[in-house]
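What follows is one structure encoded as structure tokens, with my remarks underneath.
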């Protein structure tokens, strides 16, 4: 749903500069992008038209969810704690939760911190995700013996094409990050 704000004298309105002291109206769309801002007031018909444009944009845009699960499937000591030299897999679930838009030629690309290697393909061709459809993808990662301790970051880049409200091919992109802790600890030791 669009967020429509009005002057309150709060400092956040400095973010929406309109060559006036304060904007009188700011319309923020579903991507948290300023859709429209102005100093002054419009009539109800104009306001309703802008809101309808924003809703059309929302309904015509892809909404792809990405959930991850980490599996310790290449852990050498089987203690549930990831140590240097061990490996794991990240399993992703991709779901098209759009209102009315199919994702076309969806692609997932993984990047990771230094200190590890993606031993599977770093790209997964998801293909087309129709409305309500779910797809799965898995990446396998092996850590170096010299990987730094602490959070090991994993970044997934999801891209897809879609047909926008104007019948044009448009591009969707999303980044999802997660991390897993790497240490020399063993389960039950030191804590």
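The values are calculated or read from the model by the stated rules, or taken from the named source; none is laboratory data. Everything numeric here is computed off the predicted structure, so don't read it as measured data. Reconstructed Cβ throughout: ideal geometry from the backbone, glycine too, with neighbour counts over all protein chains shown.
Here is a list: 187, 135, 170. Which entry is modelled with pLDDT under 95 and in the same structural domain as residue 100 (by TED's automatic domain parsing)?
Within the list 187, 135, 170, the selection yields 170.
Could you list, in sequence order, all residues of segment 122-136 that are free of Cβ contacts under 8 Å to residues at least 60 places away in the same chain and either under 19 Å from residue 162 (Cβ atoms) or outside any strand (DSSP E or B) (or both)?
122, 124, 125, 126, 127, 128, 130, 131, 132, 133, 134, 135
Just give me the residues in segment 42-55 being surrounded by fewer than 15 Cβ atoms within 10 Å (Cβ to Cβ) and either in the same structural domain as residue 168 (by TED's automatic domain parsing) or farther than 30 Å from residue 129 by Cβ (or both), in sequence order.
42, 43, 44, 45, 46, 48, 49
Which of the residues belonging to segment 87-120 are over 18 Å from residue 63 (Cα atoms) and either surrounded by fewer than 13 Cβ atoms within 10 Å (Cβ to Cβ) or over 21 Å from the mean Cα position of the chain (by Cα) (or both)?
Passing the criteria: 87, 88, 114, 115, 116, 117, 119, 120.
Tell me the residue from 153, 145, 165, 105 that is closer than 29 Å to residue 72 by Cβ and either in contact with a helix residue (DSSP H, G or I) (Cβ under 6 Å, 6 or more places away or on another chain) or in a strand (DSSP E or B) (or both), please.
153
Do we find that residue 179 is over 16 Å from the mean Cα position of the chain (by Cα) and closer than 20 Å to residue 67 by Cβ in this structure?
Answer is no for this residue.
So if I check each of 78, 67, which one is outside any helix (DSSP H, G or I) and on the phi > 0 side of the Ramachandran plot?
78
State all residues of segment 83-102 that are in contact with a strand residue (DSSP E or B) (Cβ under 8 Å, 6 or more places away or on another chain) and assigned to a loop (DSSP other than H, G, I, E, B); if no residue qualifies, say none.
Selection gives 83, 84, 85, 86, 97, 98, 101, 102.
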